[in-house]
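The values are calculated or read from the model by the stated rules, or taken from the named source; none is laboratory data. None of the values given here were measured: they were computed from a predicted structure. All Cβ positions, even for glycine, are placed from backbone atoms using ideal geometry, and neighbour counts span all protein chains on display. Note: areas computed on protein heavy atoms with side chains; ligands, DNA, RNA excluded. Shrake-Rupley method; radii C 1.70, N 1.55, O 1.52, S 1.80 Å.
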Amino acid sequence: MDKLKEKINNLKLDAEKWQEKSDELADRIKELEQENLEKDHQIQSLTRKNQVLEEQVEKLEADLEQIKHTADESHSLKTTNENYTKKNQVLEEELEEADRNLKETTEKLRETDIKAEQLERKVASLEQEKEDFERKFEELTEKHNAAQAELDEISQQLEAI
């Protein structure tokens, strides 16, 4: 009789442990979902920055074209031509800087995409693990119910004696 009570107590403790583990995993899933949401926001922010940089590059390219055209028109004025050449050089440096920024942003976006994919895989893995724990919990609950029924049956038999 004491063994049965001990078994029941052990089963109850196991069930409580599995419930705690399930709760911990649910909390972890929520944390991962929040991290994933934050990564999505970062991706959106980087995408917007990328668009702004592309617009700046287009604007700088348009400015560069305009400066080249103006330089062609003012060939006769050497002083003006030198000023335009200097402006052209500055714009090209800015364009190169913008290009470097665009490349860095693109690389960061790729890294963020990779991290997001890894997090999605991790979430899927944790969801599978949660399902496994829930299935094990149900199995333990069934075993507990079966043990309880067996204990009740033994008790009835003992009372009948």
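Pick from THR79, THR70: which is without any contact (Cβ under 8 Å) to a residue 60 or more places away in the chain, hydroxyl-bearing (Ser, Thr, Tyr) and open to solvent by less than 80 Å² (accessible area, probe 1.4 Å)? Give the derivation first.
Numbers: THR79 fails: open to solvent by less than 80 Å² (accessible area, probe 1.4 Å).
Matching residue, one of THR79, THR70: THR70.
State whether the residues of the range 7-26 include one that is open to solvent by 100 Å² or more (accessible area, probe 1.4 Å), modelled with pLDDT under 90 and touching a helix residue (DSSP H, G or I) at 6+ places or on another chain (Cβ under 7 Å). Yes; the residues of the range 7-26 include at least one that is open to solvent by 100 Å² or more (accessible area, probe 1.4 Å), modelled with pLDDT under 90 and touching a helix residue (DSSP H, G or I) at 6+ places or on another chain (Cβ under 7 Å).
The number of residues in the range 122-161 being among the β-branched types (Val, Ile, Thr) and exposed (fewer than 12 other Cβ atoms within 10 Å of the Cβ) comes to 1. Looking at the range 106-157 only, could you name the residues that are touching a residue at least 60 places away in the same chain (Cβ under 8 Å) and among the aliphatic types (A, V, I, L, M)? Hits for the range 106-157 are LEU109, ALA116, LEU119, VAL123, LEU126, LEU140, ALA147, LEU151, ILE154.
Apart from one condition, GLN89 fits all of (1) farther than 30 Å from THR112 by Cβ; (2) modelled with pLDDT of 90 or more; (3) surrounded by 13 or more Cβ atoms within 10 Å (Cβ to Cβ); (4) of a type outside the set (A, V, I, L, M); the exception is (3).
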